[in-house]
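Bear in mind that the values in this text are calculations on the coordinates, not laboratory data. The structure presented is a predicted model; accordingly, all values stated were derived computationally and were not measured. FYI the Cβ positions are ideal-geometry reconstructions off the backbone, even for glycines, and counts take in every protein chain you see.
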Amino acid sequence: MNDGIYRRSNFGAIYLEDELIRLTDDENSGSVNSERLNEAINIASNEFENYVRDLYDISLFSSPLPDQLTQIICDITIYNLYKRRYRLEMPESIINIYNLAISQLSKIAKGELQINLPKKTTAGFIKINKTEDDRIFNKDTLDSL
């Protein structure tokens, strides 16, 4: 994701510091482990990008992201932090929140849910996955008709 599109400071407004400490502080230092939190944010940001990159121009995203997208990235981040710590005892509510976030990203990727961010512009083209040899109606076949 563009440097600065999503920052930890955006995250603190949504989740309580105590929860972040509980999920990241393996050393019992009493503070959020920024390295672990940033790693989880990066994973969530990459997952977010994978869904929206075909439809939206990520390089033009502003900072901060709209609240809805910030919430999605935060929910995926929290899921990843829980998964890291409680893989076998994942709370059902966290799984449900993650599934909702992924559902929203899927709708965004399909164009069913619009977000107010710059879309990719294309000059119009046709994308094919066939070569000349595996086409049913290749140039020679069409010319012979």
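Put a plus charge on the Cβ of each Lys and Arg, a minus charge on the Cβ of each Asp and Glu, and nothing anywhere else: the dipole of the chain about its Cα centre is then about 320 debye.
Report the gain in length on full extension from Leu113 to Ile128: 0.36 nm times residue separation, minus Cα-Cα distance, nm rounded to one decimal. Difference between extended and current length: 2.7 nm.
When the Cα gyration tensor is reduced to axis lengths a ≥ b ≥ c, the ratio a/c is 1.5 or higher for the stretch 8-143, and with a/b above b/c it is classed as prolate. Computed from the Cβ-Cβ distance with R0 of 25 Å, the FRET efficiency linking Arg85 to Ser63 stands at 0.30.
Where only DSSP H runs of four or more residues are counted, the chain gives -16500 deg cm²/dmol as its mean residue ellipticity at 222 nm, each run worth -39500 (n - 2.57). Across the stretch 88-101, computed HN-Hα scalar couplings (Karplus, 6.51 cos²θ - 1.76 cosθ + 1.60, θ = phi - 60°) run 8, 10, 5, x, 4, 4, 5, 4, 5, 5, 4, 4, 5, 4 Hz from first to last residue, x flagging Gly and Pro. Of the GluC sites (Glu not before Pro) found in the stretch 73-125, those in coil by DSSP whose Cβ has at most 12 other Cβ atoms within 10 Å are Glu112. Within the stretch 39-145, the trypsin sites (Lys or Arg not before Pro) that combine a DSSP coil assignment with at most 16 other C-beta atoms in a 10 angstrom radius are Arg53, Lys120, Lys127, Lys130, Arg135.
Inverting the pair-averaged 1/r between distinct Cα atoms of the stretch 33-112 gives 13.2 Å as its Kirkwood hydrodynamic radius.
Between amide H atoms placed 1.01 Å from N, distances below 5 Å from Lys119 occur with Asp57, all of them 5 or more places distant or on a separate chain.
Suppose the chain between Ile102 and Asp54 were pulled fully straight at 0.36 nm per residue; how much longer would it get relative to their current alpha carbon spacing?
15.7 nm
Taking Glu19, Glu132, Glu27 in turn, the Gaussian network model of the chain (Cα-Cα springs below 10 Å) assigns the largest fluctuation to Glu132.
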